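Trainee: Here you go, one structure.
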Number of protein chains: 2
Amino acid sequence: MDNETEKVSITKYEGDTREVIEDVIVREYPVTLILNNEELVTMLCTPEKFDYLAIGFLMSEGLIASKDEIRLVIVDDIRGVVRVEIKQDNPELKDAIFKRLITSGCGRGASFYNAADVRDRVKIETDLRLTPGQVTSIMKEFQHRSELFKRTGGVHSAALTDGNEILIFSEDIGRHNAIDKIFGECTMKEIPLDDKVVVTSGRISSEILLKVARRKIPILISKSAPTNQGVKLAEELGITVAGFVRGSRMSVYANDWRITVHDG
Amino acid sequence: MDNETEKVSITKYEGDTREVIEDVIVREYPVTLILNNEELVTMLCTPEKFDYLAIGFLMSEGLIASKDEIRLVIVDDIRGVVRVEIKQDNPELKDAIFKRLITSGCGRGASFYNAADVRDRVKIETDLRLTPGQVTSIMKEFQHRSELFKRTGGVHSAALTDGNEILIFSEDIGRHNAIDKIFGECTMKEIPLDDKVVVTSGRISSEILLKVARRKIPILISKSAPTNQGVKLAEELGITVAGFVRGSRMSVYANDWRITVHDG
């Protein structure tokens, strides 16, 4: 039995015909992040890559900007605890953290309505371009890789690609977590992000867009839909957004100039 | 133009063929909940039923238990503000609220790991039963009703049913919000919940399960997958969970005794 799934006995119906079978469901696991000896947050996640999740989360929340600021990461798989020590010269940091956490997360936050947060961002002008064929090929590979989803139907996936191949891939019950794991891994491995493409199985809301913008990602592709605020921010911040990438089709919602059709 | 969607110009690709067309995307709107004159939380949501969302949220967070505790609800659609005044005799309530908010929400929380929270719940023993045909019919009607999803692909739906017809239906960019809107509406209209079925388009995680358990709902059905913690809690709390309800098929993960195949 792997760590990400659990076998359960279920009753399967087709019409009135019932059958008790063994099925596989995705595990949901609480991991507590302790930052500089203070409990910061407990996240429900798919139990793998706890260290990447913790680092990605801290970066997404703006608490660290680079690997240099990390002193120590200790993962206790059994108890579901990640201890992170970061350089912290600002005593007001803790208050800021809590304030931020209250206003963040899955449709229960509004960090971007902090106008400064958007205004201070530099528009991304990276001249990375993809053909429509590259986008649809990446999505095909992405869906092929999504093993856990195929087995359980219960997770989101995220990937980092250079436009040609998938460099990093992760799955998690949370769409934010899946992306944070990618960014955490890139931070730990010092992989530059500003010339890469992020792929997500989930919707592109303002929160996802800002998470990606923070890392200077020029292109974001999804098999799902964007929201109006996701598109608006993508336009303002210079990020190309392709949604509903399915088969040979896709819809480009912002900064279409990065999608170029090569002649024969 | 309705309030829930926005028209945008997009570039649609099929292979290398491109076409600029007008498309409809779902709106994402920040609504700030002010409780007894203090700003409590800003939620990103689909802009409709702000009052139901606010009340449902307060109930899901355990801040109110019934309509009697609500003194006043004022919705300012334009500014995206809902003011709620509740009876509040406990001065420590505010601290509790903030503590709770930090540990709640979309895969970023762990309220249920507060053991007392689960232990104090009474097992639901309501003798409501459905045939497999009723479950699949409800899901068919549910998907038929999901207009916004059909137009935008960007929202979750939730519904309340008595097993025969859909009584209340709501859509929102957040799966928690969609369910909170249902519960808020039931509270305001004083519709009892303990003999009803909740339908959701989203996954059944521990957080969704606990939200439903708090309202004493005996049956939860979803077109998606459950997590292992969702199933575990459903078993413990006496809730019937049917997932992957699609066409004439479904998988029952917990408390199968409420699904009964009637003889001819």
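Trainee: Restricting attention to region A:193-216, which residues are closer than 12 Å to A:T161 by Cβ and among the basic types (K, R)?
Mentor: A:K196
Trainee: Among the residues of region B:52-59, is any of a type outside the set (A, V, I, L, M, F, W, C), within 16 Å of B:C186 (Cα to Cα) and outside any strand (DSSP E or B)?
Mentor: Yes, there is a match, as at least one residue in region B:52-59 is of a type outside the set (A, V, I, L, M, F, W, C), within 16 Å of B:C186 (Cα to Cα) and outside any strand (DSSP E or B).
Trainee: Considering only residues that are buried (at least 24 other Cβ atoms within 10 Å of the Cβ) and within 10 Å of another protein chain (Cβ to nearest Cβ), look in region A:35-52 and name the one that is farthest from A:E171 (Cα to Cα).
Mentor: Ranking the candidates gives A:M43 first.
Trainee: Additional query: Kindly evaluate A:I55 against the criterion of being within 10 Å of another protein chain (Cβ to nearest Cβ), under 30 Å from B:C45 (Cα atoms), at pLDDT 75 or above and surrounded by 13 or more Cβ atoms within 10 Å (Cβ to Cβ).
Mentor: no
Trainee: Is at least one residue of region A:169-192 more than 14 Å from chain B (Cβ to nearest Cβ), free of Cβ contacts under 8 Å to residues at least 24 places away in the same chain and farther than 21 Å from A:C45 by Cβ?
Mentor: Checked region A:169-192: at least one residue is more than 14 Å from chain B (Cβ to nearest Cβ), free of Cβ contacts under 8 Å to residues at least 24 places away in the same chain and farther than 21 Å from A:C45 by Cβ.
Trainee: Within region B:122-146, which residues are surrounded by 15 or more Cβ atoms within 10 Å (Cβ to Cβ), more than 14 Å from every other protein chain (Cβ to nearest Cβ) and assigned to a helix (DSSP H, G or I)?
Mentor: B:E141, B:F142, B:Q143, B:R145
Trainee: For region A:8-34, which residues satisfy the criterion of being facing chain B (nearest Cβ under 9 Å) and farther than 23 Å from B:I208 by Cβ?
Mentor: Residues satisfying the conditions are A:E14, A:G15, A:D16, A:T17, A:R18, A:V20, A:I21.
Trainee: Please identify the pairs in which a residue from region B:146-160 that is without any contact (Cβ under 8 Å) to a residue 60 or more places away in the chain and more than 20 Å from A:S205 (Cα to Cα) has its Cβ atom under 7 Å from the Cβ atom of a residue that is buried (at least 16 other Cβ atoms within 10 Å of the Cβ) and charged (D, E, K, R), counting only partners at least 6 apart or on another chain.
Mentor: Matching pairs, first to second residue: B:L160/B:K196.
Trainee: Now for a separate question. What are the residues in region B:201-219 that are away from every other protein chain (no Cβ under 12 Å), more than 14 Å from B:E236 (Cα to Cα) and either among the polar types (S, T, N, Q) or free of Cβ contacts under 8 Å to residues at least 40 places away in the same chain (or both), if any?
Mentor: B:S201, the sole residue that qualifies.
Trainee: Looking at this structure, is A:T260 farther than 17 Å from A:S66 by Cα, buried (at least 24 other Cβ atoms within 10 Å of the Cβ), over 12 Å from the mean Cα position of the chain (by Cα) and within 11 Å of chain B (Cβ to nearest Cβ)?
Mentor: no
Trainee: Could you check region A:206-231 and list, in sequence order, the residues that are of a type in the set (A, V, I, L, M, F, W, C) and not in a helix (DSSP H, G or I)?
Mentor: Residues satisfying the conditions are A:I217, A:I219, A:L220, A:I221, A:A225.
Trainee: Which numbered condition in (1) facing chain A (nearest Cβ under 9 Å); (2) under 23 Å from B:L210 (Cα atoms) is the only one that B:T5 fails?
Mentor: It is condition (2) that B:T5 fails.
The values are calculated or read from the model by the stated rules, or taken from the named source; none is laboratory data. On a predicted model such as this, the values are computed, not experimentally measured, just so you know. Here Cβ is always computed from backbone atoms with ideal geometry, including for glycine, and neighbour counts include all displayed protein chains.
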